Structures are given as C-alpha cells and as structure tokens.
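Report on one structure; see the data block that follows.
Here, each number is a calculation from the coordinates, and none is a lab measurement. Keep in mind that this is a model prediction, so the values were computed, not measured. Quick reminder, even Gly has a Cβ in these numbers, built from the backbone with ideal geometry, and neighbours come from all protein chains shown.
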Amino acid sequence: MIFESTDSYIATDELSMAVDAAAKLERPLLIKGEPGTGKTMLAIEVAKSLGMPLLEWHIKSTTKAVNGLYEYDAVSRLRDSQLGDERVNDISNYIKKGKLWEAFEAEERVVLLIDEIDKADIEFPNDLLQEIDRMEFYVYELGKTIKAKNRPIVIITSNNEKELPDAFLRRCFFHFINFPDRETMQQIVDVHFPGVKQDMVKEAMEIFFDVRKVPGLKKKPSTSELIDWLKLLMADDIPDEILTNRDASKAIPPLYGALVKNEQDVHLLERLAFMNRRDSRG
Amino acid sequence: MLINFFLTLRKYKLPVTIRELMDLISGLQHQLVYANLDDFYLLSRTALVKDEKNYDKFDRAFSAYFKGLEDLHGLLESLIPDEWLRHEFEKSLSPEQLKEIESLGGLEKLIEAFKKAKEEAEAKAGEEGKDGDEGNADRQGQSGPGGLGKGKKKESQKGMG
C-alpha cells in the first residue's frame with residue numbers, strides 16, 4: 001500500500017511517507033498547511049490511488065461530535081406515535097447513522113475525511129478521542145456498541161483557526177504541507193493545465209496573424225504588444241543568469257521548443273520574429 | 001507558467017495561494033485577456049488580491065516583475081535562430097530579386113558584404129566626429145536593408161490584408 005503522486009495530484013516524499021505510516025499503523029493523519037496547498041484534495045486522491053471508497057465529513061461551526069456517530073430523530077418518532085404508525089415500536093427506525101458509523105460499518109476499508117476540524121467547537125476533537133482511538137462507540141438508544149469492521153484511514157484537515165487539544169494531537173500523525181517550491185508548483189500547474197502555455201502562444205499568434213477570428217476582441221495588438229505577451233508567457237523558461245545579467249545576447253539554447261508544438265507554429269513564430277526585427281530597426 | 005510572477009508576489013508578502021494562481025491561468029485560457037498587459041494587470045489583481053489594503057503591494061510587485069521583463073530587449077530574437085529570419089526574408093522577395101541576389105553571389109555573401117561596409121562606415125563615422133550624424137543617415141541608405149525592408153513591408157501588407 002504505497003501512496004504516490006497521481007496524474008492529478010503531486011505528493012512530495014514526506015507526504016507519501018506520512019500517508020503510508022498512517023494507513024499501516026491505523027492512526028488518524030492530521031494535515032495542516034496554507035490554504036490552497038491541497039489538504040482536502042489529499043483525502044480524495046488517497047482514496048482514488050488506494051482504490052477505496054471515500055466518506056467526507058465537512059465540519060461547520062455548528063457540528064457536534066455526536067453528529068458523526070448518529071442522530072436520534074425524536075420529533076419524527078413523536079409524530080409517528082401520534083399517528084399510530086407501526087414503525088414507532090422499533091427505535092432503530094429513528095436512528096440516523098453518521099459518517100463515522102458508516103465508515104465503521106463498511107464491508108471494505110474506507111478513507112474517512114474529517115474536513116476543517118478547527119471550524120468546530122474546541123471540545124469537538126476531545127469528544128472524538130475515544131471513537132477515533134478505539135474505533136468503536138456505544139449507542140444508548142439501541143444499547144449496543146458499534147465496532148469498526150475495518151479500521152478506516154482517517155484524514156483530518158485543519159486551517160489552524162483554533163488550537164487543537166494536546167490529548168487529541170497525541171493520537172494523530174501529523175503532516176504540514178509546505179508551500180510548494182518552484183519545481184513542485186510547475187508540476188502542479190502542468191497537471192491541471194497540460195500544455196496551456198503552448199496553446200496560448202499558438203492562439204495569440206493565430207489571432208495576431210488573422211488565422212483565427214475572436215469575436216469581441218477590442219483591437220488587434222501591435223507587434224510589440226504581442227512580443228511583450230510572449231515574454232510574459234515564457235518568462236519561467238528564461239534561465240536565471242539571463243534575468244540577473246540582463247543580457248539576452250549571450251549564447252543561450254533557443255527556447256522556441258518551449259513555445260511551439262508543430263511546424264505551423266514555427267512558421268508563425270518565424271514571421272513574428274522577422275516583423276519584430278524589422279519594426280525595431282525601422 | 002506565471003510561476004515566477006506568482007513567486008514575486010509572495011516575495012512582496014502578498015497572501016496569494018496556488019488556487020488563485022490556477023484561477024488566473026484558467027482566466028487566460030478562456031481568453032479574458034489577450035496580448036495586453038493592462039488587461040492582464042486587472043485580471044491578475046481581481047484573481048489574486050482579496051483585500052484593498054494589498055493593492056499597493058500588488059502594484060509594486062507587478063511593476064518590479066514587469067520591469068525585469070521589459071529589460072529583456074531582443075530576447076525573442078536571441079531565442080530564434082538566424083536561418084529562420086533569413087528564410088522568411090527570402091520568401092518576401094520576388095523571383096527577379098532572388099535571381100539578382102544569386103547573381104551577386106548568394107545571400108550569405110551579400111550579408112557579409114553589408115556587414116563589412118557597415119563596419120567601415122562606422123569606423124569612418126568615428127573619425128569624422130562632428131559629421132557623424134550625417135554619416136549615419138547616409139550609411140543606412142547605402143547598406144541596403146532599409147531599401148529591401150520597404151519592399152517587404154508592402155508585400156506583407158498585401159499578404160495580411
């Protein structure tokens with residue numbers, strides 16, 4: 001059971017290790033990190049890559065720990081009793097299973113996501129200690145204990161809006177998702193927008209050369225505007241030493257490979273380069 | 001794409017996240033902006049800055065980043081091999097002109113000759129000192145590219161129209 005980067009999610013080595021450890025040792029995994037670093041996505045991807053069903057429990061400020069176990073619908077029962085419904089005799093008709101119950105009861109091992117645990121009351125994590133630790137809880141109304149058939153992989157995310165109690169933290173594994181470095185970011189963008197740069201370069205040049213019409217385009221850009229635009233699109237491909245030296249005339253490997261996909265694009269780029277040279281000299 | 005831009009914003013202590021960067025890229029993909037840096041400024045600010053107190057920081061980061069890009073004059077040229085330009089140039093000539101070039105010993109030789117003439121003219125202009133400006137004006141006329149360029153301009157307008 002190894003969790004690795006998928007074609008839609010980039011996981012660092014540390015993260016893979018944390019997930020594997022949590023899965024093997026059956027501990028909840030607490031994930032923190034800056035907004036937008038993919039905490040919630042992690043659970044979705046873990047489920048996908050390990051081929052397990054995913055149960056999501058999104059926490060709000062009003063969520064109580066007991067909501068995750070079960071809810072007893074006393075109002076329905078009262079109404080049914082007044083209407084003389086037969087169902088009223090079996091209390092289990094009025095017990096609504098929560099996400100934890102569902103996860104414990106599942107025939108196969110599942111991934112349980114407890115999303116944004118810090119949104120809830122400070123007592124919320126404490127109220128779940130026993131349940132998470134022993135993977136069982138007692139239902140008073142039915143007088144029975146629900147025990148996990150397969151201990152689920154529990155992934156808990158927090159945005160750090162509130163401190164979590166120590167007793168709870170002791171029982172978890174913890175991983176902080178660092179803000180990704182440049183390389184990882186590049187991978188993330190590539191995964192979500194494959195080939196976006198080449199497509200946009202191609203598109204910009206096609207519009208410029210009237211190959212393609214775009215309705216609502218205010219005005220056709222000038223050559224220099226287009227050149228600036230291409231610079232913006234390809235800025236990441238410019239080696240650092242050129243940016244610092246401010247000297248593009250130094251021999252550098254041509255980057256047009258990063259910009260174009262096929263022969264037609266090359267031809268457009270040729271024309272553009274030629275026009276640019278002519279304009280800048282004229 | 002735009003990762004250096006994004007990292008520049010973070011360097012200026014703007015609280016931007018990857019999710020917002022993705023929103024921006026997706027906006028570009030939907031052609032909300034095209035080849036216009038003013039529009040790009042507006043779109044990126046809308047997508048990335050969520051508090052008016054950060055506008056100032058954003059403006060500074062933005063201008064710092066684009067100043068860096070602006071300084072890269074001739075970047076595109078240096079990235080594009082010379083033979084491409086030559087190729088495109090040859091296409092803009094009429095068969096007669098091509099023949100003429102051929103009779104003069106081919107494009108390569110002509111370019112060599114131009115370069116030499118230019119160097120000589122520059123050296124001369126340096127000696128002449130005060131008259132340098134005039135010398136320059138003459139040189140452009142002599143060395144040909146100007147004249148040929150004009151011809152190309154007309155052709156290309158026809159072609160594009």
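Here are some notes:
- Ranked packing of A:155-164, B:22-31, A:75-84, most packed first, by mean Cβ within 10 Å: A:155-164, B:22-31, A:75-84
- Förster radius 51 Å - calculated FRET efficiency between A:Gln82 and A:Glu163 (Cβ-Cβ, nearest 0.05): 0.65
- Label-to-label distance, nm, for residues given as B:Glu96 and A:Asp210 (7 Å Cα→Cβ offset): 2.6 nm
- For A:Ile155, distant residues with modelled amide H under 5 Å away: A:Leu29, A:Leu112, A:Leu113, A:Ile114
- Sequence of A:Val19, B:Val49 once ranked by neighbouring C-beta atoms within 10 Å, starting from the fewest: B:Val49, A:Val19
- Alpha-carbon spread of segment A:1-59, three principal axes, descending order, Å: 27, 23, 18
- Scattering curve values for segment B:3-79, log₁₀ I(q)/I(0), Debye with Cα scatterers, q = 0.16, 0.19, 0.27 Å⁻¹: -0.61, -0.84, -1.37
- Estimated FRET transfer efficiency (A:Phe179, A:Asn126; beta-carbon r; R0 25 Å; 0.05): 0.25
- Using a Förster distance of 41 Å, the FRET efficiency for A:Ala74-B:Lys53 (Cβ separation, nearest 0.05): 0.25
- Applying a threshold of 26 Å to the alpha-carbon distances of A:Lys24/A:Lys99; A:Lys99/A:Lys119; A:Lys48/A:Lys149; A:Lys220/B:Lys53; A:Lys48/B:Lys50 flags A:Lys220/B:Lys53; A:Lys48/B:Lys50 as lying beyond it.
- Local electrostatic count at A:Ile177 - Lys and Arg +1, Asp and Glu -1, tallied over other residues with Cβ under 11 Å: 0
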